[in-house]
Structure formats: structure tokens, C-alpha cells
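Report on one structure; see the data block that follows.
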Amino acid sequence: MLTLKENQLDAFFALIEKKRELYLPVEQNTGKSEFKRWAEGDKYSTALRTTRSAKNFFFAKSENLYDIEMNDKKVEVIDTRKDCNDFVIFGVRACDVRSFDVLDNVFLADPVDSYYKNRRDHGLVISMACSKPAATCFCALFDIDATSPNGDIQAWHVDDTYYFDPITEKGDAFVEEFKECFTEADDAPVRKQKEETLNKIEKLPFVKLNLDGFATEEKLTELFDRPEWKDLSEACLGCGTCTYVCPTCQCFDVKDYKVSEGKTKRYRVWDSCMYSNFTKMAAANPRLTQTERFRQRFMHKLVYYPIKNEGMYGCVGCGRCLVSCPVSMNIVKVIKTMGDN
């Protein structure tokens, strides 16, 4: 296995940044950790999770789709797409890595979203295994192994050493390009850490919730009509916080911005199915009540998405919604109420 000493990490980052853009978790003035482009002096944050996920690197929070120019009766659509620069995301946890698979099923399905694909093609993911899971983590419920986080290169931090294992062609090419940074070492410390971490995960409160009856068409109508949705949704504020911190939410809106006379930009931005004006049409919003909107969010995560994607759930158990919801209403409570728990 390839290794790098902790005191060599900044030099490694500097070398990467010379050749491509590097993004990693950095502690903010608020004390919270967020992904940002690395600059000299930035310290890599080993916090368990960033406030927002790494989703933004592939499904941008806001992006220009194309420009429209009008001159008299002539309308010209200007393609503003261009290849993005090669970039590396360092320190992505297993839950966020799985979220990329969830998004791939949406944006890389026919017809392929070229904006998303552009970023996926140019991005390289170096994941980081977890060793200190929190009580709000439940990725194991969705068959995610936090000790083997996947990506292009998976990494582990044990004592004063980082261990790296490339697992894709893109990862192999990266390791070869930066081979002078690494040394070979036995993987015994990694194996020991993985065993210890898996024992911790086994004891977490939400990893053994019962998902039976969710990802099945046979019980779809029965689940949809359950009266508990009304009771659960009464606490929801409809603020959308859960959707913005969620690594798998993919709702967006398309808007026009008038730049100047005759010139308009069409762009898309993240949106939330929890908002009353989401997908609002001339006739009305198809989901008029908070109960309907609340139900849609969790039915999509636990029922609709896995039915259409070979059992892969639309949740990765990162726990961000548990931490961020101002009224403590989250997917765990839905699973407990609607499942046989």
C-alpha cells in the first residue's frame, strides 16, 4: 500500500495544485468544515463531515446553461459550455462518494446531462475512510462501508500516516503521476483500523433500522396512503434546509436573467421539493399541501428511486439532515414510523 507521512501532506497538496485544482475540507471561522480550493496555509480538516456535501463539484449549485441574444426578430442561442479544468477532491467520505453514484443514475442516464458529465470526466475523487463515526451516522443501513470509501483513490489516516489505494484507471494514472510522493508500506495498520471502526459502526443507534417494505412496488400505494404522513409533516417548516445539505437531492429550477437589452442568461439553480412554489405551473402547484410535499421527499428517497435503480436508495445515511433540521424532523423518524421498527 502507498503511504505519505502527515508532515508531508502540505507539500503533497502544493504539488497537486501546481498541476490541477485541489479542493478539500477546511475549517471555517465558524468552527465548521467546508470544501474549498486549497491555498498555502490552509489546513486539511479531519472533521467527520462537512456542513455541505461534495455534490456541488459535479452538480453545481448555480450554473449558466446558455445565453440568448435577440436582435429585432432574430434570436440566437449561444452555447457557453467549455471543458472545465482537471481537479481533485481530497477527503470525501464514503457517504458522499456513494451520493455520486446516486447522481450518476440521474444525470448520466440518457439523455446525458453534458454539464454534469463534463465535471465528472475532469474530477478525481480521493476518498477518506472514517474511523470515528458519529451517533447520527447510518450509512451502513444502505450497505455503505465507511472503512472502504471507494472513489478513484481511497485513503486512510492512521496515527501520523496516510495510506492510499488507487481503485480506478483514473486513480492509477494519478498515483503514477505523483509517484515520487509515496512510499510502499504494509497495510496492517489499515486492516486494524478498519476492524476497530466496523465494531464502532455496529453499535450506532440507526444502522439496524428496518427498510423492509420501502423499495417495493407491491406496497407503494399502501405506503403512499398511510395516515402517518400527516402527523409527521405537521412538524415540518418547509424551510428546505434538509434538501440543501443533502448529498443526493437533485431538484433544480431553470431561470432567465436579463443581462442587458436583448441579452439574457438562462441558468439553473438548486431547488427544493419542500417549497410551495416548486414545479409551480400556470394551473397551480401539483402538491398543494405540506403533507404532500413532505411525503414526496421521503417517498422519492426510500421508494421511487430504489425501485427505478435496482434497489439503490436515494439516501446515503450521512446524517446531515439530522444535524441541520431546526425541528429535528428527518428521514430516520420517517423510517421508524413507516417501517417495522
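Please work out the Cα center distance from region 42-72 to region 177-205, rounded to the nearest Å.
After rounding, the separation between the Cα centres reads 30 Å.
Long-range amide H contacts for Tyr66: which residues qualify at under 5 Å (H placed 1.01 Å from N, peptide plane, sequence gap of 5 or more or a different chain)?
Arg266
Describe numerically, in nm with one decimal, the distance between label points set 7 Å from Cα along Cα→Cβ at Glu292 and at Thr46.
5.0 nm
Between Val323 and Lys255, what is 0.36 nm times their sequence separation minus the Cα-Cα distance? Round to one decimal in nm.
21.4 nm
With point charges of +1 on the Cβ of Lys and Arg and -1 on the Cβ of Asp and Glu, referenced to the Cα centre of region 2-336, which listed residue (Phe164, Cys246, Ser114) lies farthest in the positive direction of the dipole?
Farthest towards the positive pole: Cys246.
Quick one: go through region 213-229 and flag any residue whose amide nitrogen is under 12 Å from the point 7 Å out along the Cα-to-Cβ line of Ile307.
214-225
What does the extension gain come out to for Asn85 and Leu209, with contour length at 0.36 nm per residue minus their alpha carbon separation?
40.5 nm
Net charge within 15 Å of Leu48 by Cβ-Cβ distance, Lys/Arg positive one each and Asp/Glu negative one each, not counting Leu48 itself?
Every neighbour counted, the sum reads +4.
Which FRET efficiency, nearest 0.05, do Asp187 and Lys61 yield, Cβ-Cβ r, R0 25 Å?
For Asp187 and Lys61, the calculated efficiency is 0.10.
How far, in nm, would the chain grow between Asn71 and Glu228 when pulled straight, counting 0.36 nm per residue and subtracting the alpha carbon separation?
Extending this stretch completely gives an extra 51.0 nm.
Which links in Lys179/Lys203; Lys43/Lys258; Lys55/Lys265; Lys117/Lys265; Lys18/Lys55 stretch past 31 Å when you go from one Cα to the other?
Among Lys179/Lys203; Lys43/Lys258; Lys55/Lys265; Lys117/Lys265; Lys18/Lys55, the Cα-Cα distance tops 31 Å for Lys179/Lys203; Lys43/Lys258.
State, to one decimal in nm, how far the label point of Asn277 lies from the label point of Lys219, with both points 7 Å from Cα in the Cβ direction.
Distance between label points: 3.8 nm.
Given H placed on each backbone N at 1.01 Å, which residues far from Val92 in sequence or on other chains put an amide H within less than 5 Å of it?
Those lying under 5 Å, H to H, from Val92 are Ile126, Ser127, Met128.
Hey, with R₀ at 35 Å, roughly what FRET efficiency would Ser114 and Glu27 work out to, going by the Cβ-Cβ distance, to 0.05?
0.50
Between Arg37 and His122, take the C-beta separation as r, use R0 = 22 Å, and let me know the FRET efficiency to the nearest 0.05.
0.90
If I model a spin label as a point 7 Å beyond the Cα along the Cα-Cβ vector, how far apart are those points for Lys336 and Glu169 in nm?
4.7 nm
Order the peptides 232-245, 91-104, 310-323 from the highest to the lowest mean number of other Cβ atoms within 10 Å of their residues.
My ranking of the peptides, most packed first, is 91-104, 310-323, 232-245.
Readers should treat all values here as calculations from the given coordinates under stated rules, not as data from a laboratory. Just so you know, these numbers come straight off a predicted model, no measurement behind them. Here the Cβ is made from the backbone with ideal geometry for all residues, glycine too, and neighbour counts use every protein chain on show.
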